[in-house]
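Below is one structure, written out as structure tokens, with a few remarks after it.
The values are calculated or read from the model by the stated rules, or taken from the named source; none is laboratory data. Note that the structure is a prediction, hence the values are computed from the model and not measured. Cβ: placed from backbone, ideal geometry, glycine included. Neighbour counts: every protein chain shown.
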Amino acid sequence: MSLVINHNMMAMTANRNLASAYNSLGTSTERLSSGLRINSAADDAAGLAIRELMRADIAALNQGVRNANDAISLIQTADGALQVIDEKLIRMKELAEQAATGTYNSDQRLIIDSEYQAMASEITRIASATDFNGIYLLNGNLSGTHDGSGLNASGDLKIHFGPGNDCSEDYYYVRIGSSTASALGIGMGANGTAGRSISTQQLAQTALDAIQNAIVSKDKIRANLGAMQNRLENTITNLEIQAENLQASESRISDVDVATEMTQFVRYQILAQSATAMLAQANSLPKMAMNLIQG
């Protein structure tokens, strides 16, 4: 190579290598400081796309766990109210049994019937008042075909827990039948049914069967809620495992291997220092030409 003044090619080469080493050192520093192998699309375009899709699914799955837990709380609220209704039905059967015997006169049966009707009214009040987050649970609103097209959904309660919208994978419905006294076939609101009153011995005797049927109907609702709660608990376990494994996959794609990256960092650091030293040496080469000129 000729000794020239206008173009110091050795300095240009050293400067190019220094810039390359310095850029690589900057990338390595960014990865070590953030803990991420992919900090921008330039680092790994395909990896970035996969990571962001995984992050979206992980966030949706974690929210799905919360959704399922909320549904369990709703079911427990309904079941707790049904437990109180159960106590009222047992008392009503006790009263019907009392009024069915012949040792009471008509006035006494009317007194017994007044408590019977009060129990029925309380059952209706509980069924009409029990709500979770403004959603009434036992008045029959959560039965029928689900319709979520309006601001307020109607029909079966849709529990959504998956990251998509596939009915076989991402959601299912909770149906809760009406538990009012009339729906159970007891009390004055149940016109034409055997459990309407116990004001006479015959009515009291027939009411025993009606109350028994009401207890069975109520137990079916509770059994369905219990089965749904168990299913939701299993769903939560599956969602947590799925989110955990997806998080592990996302980590393998996105997170930096600190040991490997630290090795690269030291390598780039040495290259940058070496290139800096060589650039200093290359910048001094034109002085040799000056020495010749001053000869």
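From the list 221, 236, 215, which residue is of a type in the set (A, V, I, L, M, F, W, C), under 24 Å from the mean Cα position of the chain (by Cα) and surrounded by 13 or more Cβ atoms within 10 Å (Cβ to Cβ)? Break it down into steps so the answer makes sense when it comes.
Values: 221 fails: under 24 Å from the mean Cα position of the chain (by Cα); 215 fails: under 24 Å from the mean Cα position of the chain (by Cα).
On inspection, the qualifying residue turns out to be 236.
How many residues does region 268-289 hold that are among the small types (Gly, Ala, Ser) and in contact with a helix residue (DSSP H, G or I) (Cβ under 6 Å, 6 or more places away or on another chain)?
Total meeting the criteria: 3.
Does residue 28 fit the bill of being part of a helix (DSSP H, G or I), touching an Asp or Glu at 6+ places or on another chain (Cβ under 8 Å) and either at pLDDT below 90 or of a type in the set (Gly, Ala, Ser) (or both)? So that I can check it myself, show each step before the final result.
Working: part of a helix (DSSP H, G or I): yes; touching an Asp or Glu at 6+ places or on another chain (Cβ under 8 Å): yes; either at pLDDT below 90 or of a type in the set (Gly, Ala, Ser) (or both): yes.
When the stated conditions are applied, residue 28 passes them.
So if I check each of 164, 195, which one is crowded, with 20+ Cβ neighbours inside 10 Å and either touching a strand residue (DSSP E or B) at 6+ places or on another chain (Cβ under 6 Å) or free of Cβ contacts under 8 Å to residues at least 24 places away in the same chain (or both)?
Of 164, 195, the one residue that is crowded, with 20+ Cβ neighbours inside 10 Å and either touching a strand residue (DSSP E or B) at 6+ places or on another chain (Cβ under 6 Å) or free of Cβ contacts under 8 Å to residues at least 24 places away in the same chain (or both) is 195.
Does residue 59 qualify as being over 27 Å from the mean Cα position of the chain (by Cα) and more than 30 Å from residue 224 (Cβ to Cβ)? Lay out the reasoning, then the answer.
Details: over 27 Å from the mean Cα position of the chain (by Cα): no; more than 30 Å from residue 224 (Cβ to Cβ): yes.
The answer is no for residue 59.
With respect to residue 289, determine if the residue is touching a Leu at 6+ places or on another chain (Cβ under 6 Å) and surrounded by fewer than 16 Cβ atoms within 10 Å (Cβ to Cβ).
Taking the combined requirement at face value, the residue satisfies it.
If you go through region 34-53 one residue at a time, do you hit one that is more than 18 Å from residue 249 (Cα to Cα), in contact with a Leu (Cβ under 8 Å, 6 or more places away or on another chain) and loosely packed, with under 14 Cβ neighbours inside 10 Å?
Yes, region 34-53 contains at least one residue that is more than 18 Å from residue 249 (Cα to Cα), in contact with a Leu (Cβ under 8 Å, 6 or more places away or on another chain) and loosely packed, with under 14 Cβ neighbours inside 10 Å.
Looking at region 165-198, which of the residues that are polar (S, T, N, Q) and in a loop (DSSP other than H, G, I, E, B) is modelled with the lowest pLDDT?
191
Just to check your reading of the model, which residue among 241, 176 is assigned by TED's automatic domain parsing to the domain that holds residue 110, buried (at least 17 other Cβ atoms within 10 Å of the Cβ) and either touching a residue at least 40 places away in the same chain (Cβ under 8 Å) or under 30 Å from residue 73 (Cβ atoms) (or both)?
Residue meeting the stated conditions: 176.
Can you work out which of the residues in region 244-257 that are assigned to a helix (DSSP H, G or I) and among the acidic types (Asp, Glu) is surrounded by the fewest Cβ atoms within 10 Å (Cβ to Cβ)?
Step by step, filter region 244-257, then rank; the result is 244.
Please determine whether any residue of region 189-207 is of a type outside the set (Val, Ile, Thr) and either over 30 Å from residue 87 (Cα atoms) or under 33 Å from the mean Cα position of the chain (by Cα) (or both).
Checking region 189-207: not a single residue is of a type outside the set (Val, Ile, Thr) and either over 30 Å from residue 87 (Cα atoms) or under 33 Å from the mean Cα position of the chain (by Cα) (or both).
Going through 145, 103, 124 one at a time, which residue ends up being among the β-branched types (Val, Ile, Thr) and buried (at least 20 other Cβ atoms within 10 Å of the Cβ)?
124
If you go through region 68-77 one residue at a time, do you hit one that is in the same structural domain as residue 159 (by TED's automatic domain parsing), in contact (Cβ under 8 Å) with a residue 24 or more places away in the chain, among the hydroxyl-bearing types (Ser, Thr, Tyr) and touching a strand residue (DSSP E or B) at 6+ places or on another chain (Cβ under 6 Å)?
Within region 68-77 (the criterion being in the same structural domain as residue 159 (by TED's automatic domain parsing), in contact (Cβ under 8 Å) with a residue 24 or more places away in the chain, among the hydroxyl-bearing types (Ser, Thr, Tyr) and touching a strand residue (DSSP E or B) at 6+ places or on another chain (Cβ under 6 Å)), the answer is yes, since at least one residue qualifies.
With (1) under 30 Å from residue 236 (Cβ atoms); (2) small (Gly, Ala, Ser); (3) in contact (Cβ under 8 Å) with a residue 12 or more places away in the chain as the list, and residue 134 as the residue in question, which single condition is left unmet?
With respect to (1) under 30 Å from residue 236 (Cβ atoms); (2) small (Gly, Ala, Ser); (3) in contact (Cβ under 8 Å) with a residue 12 or more places away in the chain, residue 134 is out only on (3).
Can you spot a residue in region 140-152 that is touching a Gly at 6+ places or on another chain (Cβ under 7 Å), assigned by TED's automatic domain parsing to the domain that holds residue 97, β-branched (Val, Ile, Thr) and free of Cβ contacts under 8 Å to residues at least 12 places away in the same chain?
Yes; the residues of region 140-152 include at least one that is touching a Gly at 6+ places or on another chain (Cβ under 7 Å), assigned by TED's automatic domain parsing to the domain that holds residue 97, β-branched (Val, Ile, Thr) and free of Cβ contacts under 8 Å to residues at least 12 places away in the same chain.
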